[in-house]
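Worksheet: one structure, shown below.
The values are calculated or read from the model by the stated rules, or taken from the named source; none is laboratory data. Here the structure is a predicted model, which means the values were calculated and not measured. Cβ atoms come from the backbone with ideal geometry, glycine included; neighbour counts cover every protein chain shown.
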Amino acid sequence: MAREGFNIQEFKSTVENRGIQKNNKFLVKFFIPPLMRESISSQMGGNQVQLAQKASKEMQFWCDTAVLPGIQLSLRQVIRYGYGPIEKKPFAPLFNDVTFTVMQDQKNINWSWFHSWLSTVVLWDARRGILGSPEQKIKPFEIFYKEDYIVDLDVTCFNDMGNPVTRIVLRQAYPFTMGDLPLNWADNNTFMKMPISFTFHDWYWAPFPENEMLPIPTPAPNPDVSGDPPTPLK
């Protein structure tokens, strides 16, 4: 019986047919959280809301590094029969926080945009005292309601032809860290970049219909070839 060897032509054909995805072709869409939009509208008027929406839309062009989130299953050790080998059983998904890097602009719009967002999570500006001012919705160091500051983040990857191939949506996301920005008189040719860390509840894959893909799993198991439902593991 002849052994099946490695076929270099088949390998090259497979790679050329599917292509290799590059990590520099992506866009991240940011959206204005509800309280931030409400605050801008009440304090500055409709024109400022339009400017904030424009800044939100343009933020995708300033975000130069991003992350496609992974997933980890939490496992607990189980001894099925009360003795014998230990098995690991999954019981919950875990999602790591993600960090995006946003370039700073000379009009300070990007920095102020994320500063305002974090301020709608926890108001830390106490310049008017611990009681704040009468027009403030909450007092300094109080925390807003979660639905006021969460949004869905959209991360899309593109192929070499500029067509979208992967779209991941981070649900109920909000920034929790706005990194330090080092300053140095000797850095004449360095761009200022802001690391913004986000946490989120979960994420889902939103594939594009025109792309080839594996079937999307559904909660209900598909029947086997005989038409009978698969036998569950005991």
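See the values below:
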{"read-out": "Residue that is under 30 Å from Cys157 (Cα atoms), among the basic types (Lys, Arg), in a loop (DSSP other than H, G, I, E, B) and modelled with pLDDT of 80 or more, where the choices are Lys12, Lys22, Lys57", "value": "Lys22"}
{"read-out": "Count - residues of the stretch 138-153 that are out of contact with any Leu (no Cβ under 8 Å at 6 or more places or on another chain) and within 21 Å of Gln48 (Cα to Cα)", "value": "2"}
{"read-out": "Residue count for the stretch 5-33, restricted to those that are closer than 29 Å to Ser116 by Cβ and of a type in the set (Phe, Trp, Tyr)", "value": "3"}
{"read-out": "Positions within the stretch 153-189 being charged (D, E, K, R), surrounded by fewer than 16 Cβ atoms within 10 Å (Cβ to Cβ) and either closer than 16 Å to Cys63 by Cα or within 21 Å of the chain's Cα centre (by Cα) (or both), in sequence order", "value": "Arg171, Asp180"}
{"read-out": "Selection within the stretch 167-190 - of a type in the set (Val, Ile, Thr) and at pLDDT below 90", "value": "Thr190"}
{"read-out": "Positions within the stretch 69-101 being of a type in the set (Asp, Glu) and either touching a helix residue (DSSP H, G or I) at 6+ places or on another chain (Cβ under 8 Å) or in contact (Cβ under 8 Å) with a residue 12 or more places away in the chain (or both), in sequence order", "value": "Asp97"}
{"read-out": "Residue list for the stretch 74-125, restricted to those being among the acidic types (Asp, Glu) and part of a strand (DSSP E or B)", "value": "Glu87"}
{"read-out": "Long-range neighbours under 7 Å by Cβ, at least six apart or interchain, first residue touching a residue at least 60 places away in the same chain (Cβ under 8 Å) within the stretch 165-188, second assigned to a strand (DSSP E or B) and among the charged types (D, E, K, R)", "value": "Leu170/Asp152"}
{"read-out": "Single match in Ser116, Ser74, Ser133, Ser112 (criterion: among the hydroxyl-bearing types (Ser, Thr, Tyr), under 30 Å from Met192 (Cβ atoms) and surrounded by fewer than 16 Cβ atoms within 10 Å (Cβ to Cβ))", "value": "Ser112"}
{"read-out": "Residues of the stretch 9-24 satisfying the condition of being over 33 Å from the mean Cα position of the chain (by Cα) and surrounded by 10 or more Cβ atoms within 10 Å (Cβ to Cβ)", "value": "Phe11, Lys12, Ser13"}
